[in-house]
Each structure stands twice: as structure tokens, then as C-alpha cells.
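In what follows, a single structure is set out as C-alpha cells and then discussed.
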Amino acid sequence: MRDSVVGPRVLLKRLRELMAEPLGPQERLDHIVRDIARNMVAEVCSLYVLRADSVLELYATEGLNPGSVHLAQLRLGQGLVGTIAASARALNLSNAQEHPAFAYLPETGEEIYHSFLGVPVLRAGRTLGVLVVQNRTMRTYREDEVEALETTAMVIAEMIAAGDLARLSRPGIELDLSRPVSMTGLAFNEGVGLGHVVLHEPRIVVTNLFNEDSEAEVDRLDAALGSLRLSIDDMLSRREVAFEGEHRDVLEAYRMFANDRGWVRRLEEAIRNGLTAEAAVEKVQSDMRARMVHMTDPYMRERMSDFDDLANRLLRQLMGRSPDDIAAALPKDSIIVARSMGAAELLDYPREKLRGLVLEDSAITSHVVIVARAMGIPVVGQVKGGVSMSENGDAVIVDGEEGAVHLRPQSDVESAYAEKVRFRARRQQLYRELRKKPSVSRDGVSVDLMMNAGLAVDLPQLADAGAAGIGLFRTELQFMVASTFPRAEAQERLYRDVLDAAQGKPVTFRTIDIGGDKVLPYFKDAGQEENPALGWRAVRLTLDRPGLLRTQVRALLRAAGGRELRVMLPMVTELGEIAQAREIIDREVRHLSRFGHHLPNSLKIGAMLEVPSLLFQLDELMQTVDFVSVGSNDLFQFVMATDRGNSQLADRFDALSVPFLRILRQIAQAGKRNETPVTLCGELAGKPISAMALIGLGYRAISMSPAAIGPVKAMLAELPVDDLTTFMNENLAGMSARLPMRALLHTFADDRGIPL
Ligand code: PEP
Ligand code: MG
């Protein structure tokens, strides 16, 4: 047995010539397999391509029966070829027939060959096919031969990705590269978006594969690695990153990998085999990524994603691509696909081009999701593998109702969704028509439908949704998307903008509600807590850091000069906290008036009812404040002892259950008794069925996300409030509660044609 006479460089050179020749795709493939066989002194070289139906089809062969081309087939996982494709790993065997996975295909005539080397054809971590060489004698292929075959496979991957081979497939047969993939995650924001993938960390497609001068390429790689390391150090030292836990961990991992000797050695080896520096990065990464798919250890998967991002950064260094080039090329129906991202990064994308957001990580309460919701774009989170399955420009559908992502959807799925989008648009149109109509029930009871907000991007929705005002302005959002504490002027500017946009409609500003799940990375005083939901948060925190509260109150008072100012305190537990806060507010009022500032013409101070202790002093509470707003998200979590962010418990207990409804009714009744206005501003207000229940319990003002106002108003228009009140009182009375209240409410609505 003669060893291969020429190295991979010569083979790559030959392939480059072949790519330049004016050949048809089949002819080109035939030449490629012939030249590989010749170069590796193998009797057989065959290429199998993976089809969308998970079948590997023989596309070209040198040495096997030529009549079996396009006929010989193996399923993914079947035979040696199927095993290689399924595992994305090379197989190097001196006696193939002894391998347990060996499957004999009589049409190929391969029984006379013993040694076998097969490598996966990989691109961006996905297996597109398998390339095989075989010899009659029993031999083990050397390491450099494996490397050469892998490098060659990359060239073939480019041919497949470029669509060259699609023309060779029979009509109706699709290659795997264009296979539709549906992934499920968690619905983080409702809505449906159709568009095209924009990878947040765009993967750069390398098309320039062959190098002219290996040493020069190694130098280019070294230079790019040098700048990469510098840029990571620079990012790590930037102020806004310095304290961000998660972000910082990722960057620390980058730094470690950028100095990883093994990685650099593999890159250099690939260059010495004839690849350009960028093709080498792509190859090494592709190999690692494909192997990763089969790894189950979440820690390792996470680290692999770090490596992935790093390789991308390196590619961008090598190819000189700037973020501006990328932004300019954004499609007008962009669906951003990211592993995770910061809230500020999302705000960098032009809103008019965004149709959806897909995140591999992140929780529903993460800042980026809060911002996406404020921007009104559908979001699906926890989509494992979302980034590696997607290519820039792939068609994609984000279904924020079902929590599904359909990548490269088939036409029937696409048209079903297009219909869904049209249906939603018609419904939205209907809600828009309702916008100017008063929010009154069928029997003439008027209910104020307010909206929740927290960022400047929310403001246009005030008019669009036809809200009666802002029932909850979450001031902490400005703090959460910033990298340092917003200055007094920035706070005042935002509050002034909000009041201007409201044009005299009431706005209730909640003082900063941080702590718990709302962490400020730059606020070092808030340390790790065993039980943050029950910890140092909201008004507890601001009373302990009165400087924070004073600055905010002053900004609010100044912004509201000559207008009404409504301030609300979050997470009040005992009445003393209200007295303390009022003292701080009064002091600021005195201070500003002493210096001749224009003060608000009315100042109302309210408390959020979120902690159960207040339920046992409702009358005193109502006497102490100008208004009360029920924060049902927190109140429910504390009453039911159920973490509001725990998806495992999300559907376990129902807010529309007898005990919780009785609590809500007691609060409404106490408000009425004491003539203190009571509203509710948790998520409960935004679903037509629960909004209906609240109205039945006596609530006449509720605050919800802007998108919910239309559906709730449509429900209200058909609602006989008197009947409902009687119905609820009957069903909440005594021991009569048998059926679940939710079901009873549904029946009530169905019987009367109330849209829920
Ligand atoms: C609530 O707890 O219901 C509420 C409105 O406040 P947040 O969701 O901001 O905690
Ligand atoms: Mg709350």
C-alpha cells in the first residue's frame, strides 16, 4: 500500500481549479471525488448528501458502481455513513465490515473494500452530508489524511450551501439545509411575527476558502487574535460591564478561550493545510459545534456557545465587518435571534424593522423582555438551539402566543400564519375603532381602562390604545435599562415627557420598585439575598436610601409643576412606611417652594396593596392614603406562597379562585366604604375574563398593558355589570362554591355573547 503522495495543500489547489472550471454540478462532483481518491490513494471516494427527509443519498462516487448514484440511500443513523451523519464525527476503520453499524448496500458493490474513512460534511455546525474514502486493504488512515478529508468536506459544504447541488436532486426532494424546523420555547410576549432571521451576533459566512501563502495567513490570524484579545480586555474594563454579573462571566470566558492554546493550534493547523484564516476559524468551529449538538451537559453547552460567539468575533476581525454595515443591511422584517442580549442592545435596532425576537436564554422577567414588550414585539424565549439552527436571512415565524418558532416554514404553515396575522390585524382594527368610544358596559357602567408603562417607547401607545391614563408608571425601568443611576435631570425629563404625552390624562408614578427580580447591576448595596422576593426591595429599600427617593421625588415635583402629581409607593407592608415616605415628600415640597419652584397643583399619594399584612388593616389604610392600587402580581405570589417567576408553578393556582377573589372583593369594598379610590394594576387586569371578574367585584378603574385595552373594552361593551355582580356575589357566598369560578365566569360570558 502506497502512502498518499501529495498533501492536502495540493488537493485543495486542485479543488480550487475544479471550482473555477466551467463544469455542470454533477460533472464537478464526479471530478472532485475522482481527484480526492487519486490524492489519497484510495480506490473509492463517495459523497452522500443529507436530504430534508433524513435520507443520505449517494451523489457521486469514484470506485463504487456508478449506476448506484442517486439511487443508493441510507437513513440518518443507518450504516456507517448514517452513523457519521448522526454523530457528526469521523469514523476511521481498518475493517469496516466488522463495525456493528456496517450496512451492506448490494447496488454499490462495496463488499470488497475493507478500510473506511468517513467524515461529516459540516457547515455552521450542521451536518449536510458525508464524504467517504475506502481501500481494499486493511489500513488505518493517518491523522493528516483525516484532516485533509475534513478540509475537502468544507469545500463541498460550500457547494451544498450555495445551492449548486439542489439542481441535481429529483423534483420534490429537498436537501437538509433548507429543511423546515419548528422549535418550542416559552411565550414571553404575545403577537405573531413573520420575517427573516437576523442573528444578533451575526455569523459570517466564509466564501474565500483557499490560501495563497500559509505563513502570511498565520500572521493574519495572529494579528486578528491579538486585536480580539485587546477588544475583550477593553470590554471587560468598560464601566457598564464591570458589575454586570452574567455579562461579565461571558466575557471572562471569552478571554480564557481567546488564549486557549489548543484552539489556536487547531486554527493554525487548518491554515497550514491550505485554508484561509477565516475558513480555518469556520472549520474548527464547525467541527466543535457539530460535536456539541450531542452533548447534554448544560455547562458544556453554555461554554460551547461562548466559543461560538468568540469565533464569530474573530471572523469579524478577519473580515473587517463593522456593526454599521450590519445595521444598514437589516431586512425590513427582521426577527432577531440571539442567545441572550441586554435591553439597551435591543433598543439599538430600529423599531420599524423589528417583527420579533427569539432568545435562547432569558426569563420572562429579564430586562430585554420587558423592553421588547414595551416595544410591542412578539417574543419567544428559552428556544434551545435557536441560534445554531438559524442562518441569517432564513424565513422564520415567531408565534408569541404558542411559544413556537418555525424556521424555514413550509408554504402551508406560512400561509396559515399569514392568515393568523391578517386576523389579528382585523381585530386590532376593530379595537382601534373602539379607541374613541367610551369604555362603558352594556348597562351603562363606566370603567376607566388605564395602561401600564415605564419607558419613553411606551408613550405613543397612550393615544393608540385609547387608554384613560397611565395607571402604573414603573419608574424603575429607566433605572434598569441604564448602566448607572439615571441623573436627576434625566429622571425629570422622562417624567415631564410622560406628563406631556398624557395631555392632562391622569398618570400614577410608582416610586422605584427595585430589588426582588428587578436588579440594578450597578447598585452594589443590594447584595445576594436568600429570598429576594421577601427581601430588601421597593419602598423598604428607598426608605433606607432616602437620597434615592428624595432625588426621584424632587424630579417628579419639578416635572409636574402646574399639573396634578400622583405618586404611589410599592410593596407597603405597614402604615408607618407611608408616613415616612410622606415626610420625605413633604420636605421636598417645602424645599422647592422655598426656592420659588412651580409646584404641582395637586399632589396625591397612594399605596400599592401587594403584601397581605395590609388586608388586616384595610380601613386604616384607606384612611391614610389618597388612593390604593392592588398589585395583583405580588399580592397573588404572597397570598398563595407561589413565586411569580417560577414557570413550573405558573398554572398551578388560579387567581380566579374563591379565596383570591374574596380578597379582591374585600379591598374594593373597603375602598368604597372609606371613599378611597381603588384600582388594580397587575397582569390580572389585562385578560378579558379576569377584567370581567374584577368589574363584577366592584372595581371601576383597572390598569393593564396597552395591547389589552382593546380586548377588555370589547368585553365591557357587552357586559351587564348588574347581572354579573349578583352572579359573583352568589357564587362567592357561604359554602356554595363548588365549580371553579373560572369555569363559571366562562359560562356566564358564553351565555350572554360576551367576547373573552
Ligand atoms: C404587581 O405586583 O402586580 C405590580 C403591578 O407590580 P410589578 O409587576 O411591577 O411588581
Ligand atoms: Mg409588584
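The values are calculated or read from the model by the stated rules, or taken from the named source; none is laboratory data. These numbers were taken from a predicted model, which means no experiment stands behind them. Using ideal geometry, Cβ is built from the backbone for each residue, glycine included, and neighbour counts are taken over all protein chains shown. The area values use the complete protein model at the heavy-atom level, side chains included, leaving out ligands, DNA and RNA. Shrake-Rupley method; radii C 1.70, N 1.55, O 1.52, S 1.80 Å.
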Would you call GLU683 under 28 Å from GLY191 (Cα atoms) and away from ligand 2 (no atom under 16 Å from the Cβ)?
-> no
Heads up, the helices (runs of 4 or more DSSP H) in region 1-114 (entirely inside) with at least 2 residues that are of a type in the set (Phe, Trp, Tyr) are none
Could you run through region 91-120 and say how many residues are of a type in the set (Ser, Thr, Tyr) and within 14 Å of GLN78 (Cα to Cα)?
-> 1
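Going by the structure shown, is GLN648 within 27 Å of the chain's Cα centre (by Cα), outside the structural domain of GLY185 (by TED's automatic domain parsing) and open to solvent by 60 Å² or more (accessible area, probe 1.4 Å)?
On the way: within 27 Å of the chain's Cα centre (by Cα): yes; outside the structural domain of GLY185 (by TED's automatic domain parsing): yes; open to solvent by 60 Å² or more (accessible area, probe 1.4 Å): yes.
Yes; evaluated as a whole, the condition is true for this residue.
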From the set of residues in region 622-639 that are more than 15 Å from ligand 1 (Cβ to nearest atom), assigned to a helix (DSSP H, G or I) and in contact with a Ser or Thr (Cβ under 8 Å, 6 or more places away or on another chain), which is nearest to PRO532 (Cα to Cα)?
-> MET622
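When you scan region 619-628, do you find a residue that is within 14 Å of ligand 2 (Cβ to nearest atom), in contact with a strand residue (DSSP E or B) (Cβ under 8 Å, 6 or more places away or on another chain), open to solvent by less than 30 Å² (accessible area, probe 1.4 Å) and closer than 30 Å to GLY504 by Cβ, even just one? Write out each step before concluding.
Step one: list which residues in region 619-628 are within 14 Å of ligand 2 (Cβ to nearest atom), which gives 628.
Now narrow it down to the ones that are in contact with a strand residue (DSSP E or B) (Cβ under 8 Å, 6 or more places away or on another chain): 628.
So of that shortlist, the ones also open to solvent by less than 30 Å² (accessible area, probe 1.4 Å) come out as 628.
Checking which are closer than 30 Å to GLY504 by Cβ leaves us with 628.
Yes: region 619-628 contains one or more residues that are within 14 Å of ligand 2 (Cβ to nearest atom), in contact with a strand residue (DSSP E or B) (Cβ under 8 Å, 6 or more places away or on another chain), open to solvent by less than 30 Å² (accessible area, probe 1.4 Å) and closer than 30 Å to GLY504 by Cβ.
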Matching residues in region 499-514 - criterion: being touching an Asp or Glu at 6+ places or on another chain (Cβ under 9 Å) and either open to solvent by less than 10 Å² (accessible area, probe 1.4 Å) or of a type in the set (Val, Ile, Thr) (or both) = VAL507, ARG510, THR511, ILE512, ASP513, ILE514
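Out of ILE667, ILE605, report the one residue that is within 22 Å of MET704 (Cα to Cα) and in a strand (DSSP E or B).
Numbers: ILE667 fails: in a strand (DSSP E or B).
Of ILE667, ILE605, the one residue that is within 22 Å of MET704 (Cα to Cα) and in a strand (DSSP E or B) is ILE605.
Taking the stated definitions as given, is THR551 open to solvent by 30 Å² or more (accessible area, probe 1.4 Å), hydroxyl-bearing (Ser, Thr, Tyr) and away from ligand 1 (no atom under 16 Å from the Cβ)?
yes
If I go through region 336-359 residue by residue, how many of them are surrounded by 20 or more Cβ atoms within 10 Å (Cβ to Cβ) and not aliphatic (A, V, I, L, M)? If you could, list the steps in order and put the result at the bottom.
To start, the set of residues in region 336-359 that are surrounded by 20 or more Cβ atoms within 10 Å (Cβ to Cβ) comprises 336-339, 341-342, 346, 354-359.
From what is left, the residues that are not aliphatic (A, V, I, L, M) are 339, 342, 355-356.
Going through region 336-359 one residue at a time, the tally reaches 4.
Go through region 588-597 and report how many residues are surrounded by 13 or more Cβ atoms within 10 Å (Cβ to Cβ) and without any contact (Cβ under 8 Å) to a residue 40 or more places away in the chain.
Qualifying residue count, region 588-597: 4.
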Considering region 94-107, residues that are touching a strand residue (DSSP E or B) at 6+ places or on another chain (Cβ under 7 Å) and without any contact (Cβ under 8 Å) to a residue 40 or more places away in the chain, and then whichever is least open to solvent (accessible area, probe 1.4 Å), we arrive at ALA96
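Could you tell me which of the residues GLU683, GLU675 is among the acidic types (Asp, Glu), within 16 Å of ligand 1 (Cβ to nearest atom) and open to solvent by 50 Å² or more (accessible area, probe 1.4 Å)?
Values: GLU675 fails: within 16 Å of ligand 1 (Cβ to nearest atom).
Within the list GLU683, GLU675, the selection yields GLU683.
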Under the condition of being surrounded by 24 or more Cβ atoms within 10 Å (Cβ to Cβ) and within 16 Å of ligand 2 (Cβ to nearest atom), which residue from region 686-713 is modelled with the lowest pLDDT?
-> MET704
All conditions in (1) open to solvent by less than 10 Å² (accessible area, probe 1.4 Å); (2) more than 16 Å from ligand 2 (Cβ to nearest atom); (3) among the aromatic types (Phe, Trp, Tyr) are true of PHE653 except (1)
